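Trainee: Following this message is one structure expressed as structure tokens.
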Amino acid sequence: MEFRINLREREENRLTLPSENEIYDIIIIGGGPAGMTAAVYSLRKGLKTAMITYDIGGQMLETYSIENYMGFRFIEGSGLVNKFSDQIRQFELALLEKSYITSIEKSDKIFFVNTDTGKTYKSKSVIIAAGKSYRKLGVKGESEFTGRGVSYCATCDVPLYKNKRVVVVGGGNSGIEAAIELAKISRYVTVIQRGNKLTADKILLEQFEKFSNKTVLFNSEVTEIFGDDRVRGIHIKVDGEERTIETDGIFVEIGLVPNTGFLKGFLNLNKYGEIIVDEYCRTDVEGLFAAGDITSVPEKQIIVAAGEGAKAALSAYRYLNNL
């Protein structure tokens, strides 16, 4: 007997909007790699699933080049987002975009997820995969050139700057780690540090000191990023004096902020504001799971977030079976 896949049916967009009248098996908060992977796994288990997110893609949308995700030697961040998005659209997922969660409540084993639209959605379990937000410089040109010379992910984008001039903003661990990787292949690396000393660990500073193609500007801050089709330079202040630096790219490494503001007082967070989870992605609230960069799990990478999303969905499935 011949078996055929109906490609038209598989490619059809089957998304719907969430309903306040439904009680979902799972509500997933966040549409990054952890959230979308959790959605695929929960939907394949036949669970009635809703996803609430501001955007589909999360931090991947701000990453130009991805060269360490299995299956792709090279793919743009937006391209990988499209791959993930296409996969969830084959299922009957209730998806709400451009919406933030304001709070979560729980009563009689039912979760109430409150949104900034004033609507509340109900479910038997919740997976929080809202990720982190890059701490931004907040200067002119930053948004305009994001993905065109402004990068927030050294792991993803360093290989693009071979034999080029690069600026790194931030003298902490992430900034100096980025500067070290860039110094190995770039023509010249300039580190911009707001304070009067670098705050990275000693071992990193010792490694960084070995390179001759670098300089550090203390008591300095970026005031503007400029260019044409991509970044060409930055305006800075050094000890209050204005200067201009020509550069092919700028790595903003001043930290990440977990998107957990709506959870304070509802569950335990660590000192970094991340959700504390166990090896099953469980939080200290029964039926509430978390995955991806928003959690205490180390190594904030796309592939790690996707794996944690799958694990959270399978843990939620087992929880629902035991209710």
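Trainee: I want to verify the translational diffusion coefficient of region 135-208 in µm²/s; compute it with Stokes-Einstein, Rh as the Kirkwood radius over Cα pairs, at 10 °C and 1.306 mPa s.
Mentor: The Stokes-Einstein estimate is 124 µm²/s.
Trainee: Could I get the Rg over Rh figure for the chain? Both from C-alpha atoms, Rh via Kirkwood, rounded to two places.
Mentor: 1.03
Trainee: Right, here's the next one. In Å, what Kirkwood hydrodynamic radius results for region 150-252 from the alpha-carbon pair distances?
Mentor: 13.4 Å
Trainee: Let me ask something additional. Using amide H atoms built in the peptide plane, which far-off residues or other-chain residues are under 5 Å from residue 127 H to H?
Mentor: Here the answer is 27, 28, 29, 289, since their amide H atoms fall under 5 Å of that of residue 127.
Trainee: Just subtract the alpha-carbon distance of residue 68 and residue 237 from 0.36 nm times their residue separation and send over the number in nm, one decimal.
Mentor: 57.3 nm
Trainee: Gaussian network model of the chain, Cα springs within a sub-10 Å range: biggest mean-square fluctuation belongs to which of 31, 273, 138?
Mentor: Of 31, 273, 138, the Gaussian network model singles out 138 as fluctuating most.
Trainee: Per residue of region 143-150, in order, report the coupling 6.51 cos²θ - 1.76 cosθ + 1.60 (Karplus, θ = phi - 60°) as ³J(HN,Hα) in whole Hz, putting x for Gly and Pro.
Mentor: Values per residue, Gly and Pro as x: 5, 4, 9, 4, x, 10, x, 9 Hz.
Trainee: Compute the distance in nm between two label points, each set 7 Å from the Cα along the Cα-to-Cβ direction, one at residue 321 and one at residue 246.
Mentor: 6.4 nm
Trainee: Right, next: Calculate the FRET efficiency for residue 264 and residue 90 from the Cβ-Cβ distance with a Förster distance of 41 Å, rounded to the nearest 0.05.
Mentor: The computed FRET efficiency comes out at 0.70.
Trainee: Please turn the phi angles of region 254-267 into ³J(HN,Hα) values with the Karplus equation 6.51 cos²θ - 1.76 cosθ + 1.60 (θ = phi - 60°), one per residue in order, whole Hz, x for glycine and proline.
Mentor: Along region 254-267, the couplings run 10, x, 10, 10, x, 7, 10, x, 7, 10, 4, x, 9, 8 Hz.
Trainee: From the Cα trace of region 30-171, what convex hull volume per residue do you get, rounded to a whole Å³?
Mentor: 144 Å³
Trainee: Obtain the nm distance between the two label points defined at residue 215 and residue 21 by a simple spin-label model: each point lies 7 Å from its Cα along the Cα-to-C-beta direction.
Mentor: Placing both labels 7 Å beyond Cα along the Cβ direction yields 6.8 nm.
Trainee: Mind checking which of 304, 238, 189 has the largest fluctuation in a GNM of the chain, springs on alpha carbons under 10 Å?
Mentor: 238
Trainee: How much length is gained on full extension from residue 106 to residue 76, taking 0.36 nm per residue of separation minus their Cα-Cα distance?
Mentor: Taking 0.36 nm per residue and subtracting the Cα distance, the gain is 6.9 nm.
Trainee: A further question follows. At 7 Å along Cα-to-Cβ for each site, give me the label-to-label distance between residue 279 and residue 206 in nm.
Mentor: 3.4 nm
Trainee: Another one. Taking amide H positions as placed in the peptide plane 1.01 Å from N, state which residues far from residue 133 in sequence (5 or more) or on other chains have amide H under 5 Å from it.
Mentor: Long-range HN contacts for residue 133: 257, 259.
Trainee: Apply the Karplus parameterisation 6.51 cos²θ - 1.76 cosθ + 1.60, with θ equal to phi minus 60°, to every residue of region 308-319 and state each ³J(HN,Hα) to the nearest whole Hz, in sequence, with x for glycine and proline.
Mentor: The phi angles translate into 5, x, 4, 4, 4, 5, 5, 5, 5, 4, 5, 4 Hz.
Just so you know, all these numbers are worked out from the coordinates, no wet-lab data involved. As the structure is a prediction and not an experimental result, all values here were calculated from the model. Neighbour counts are summed over all protein chains in view; Cβ atoms, including those assigned to glycine, are modelled from backbone coordinates with ideal geometry.
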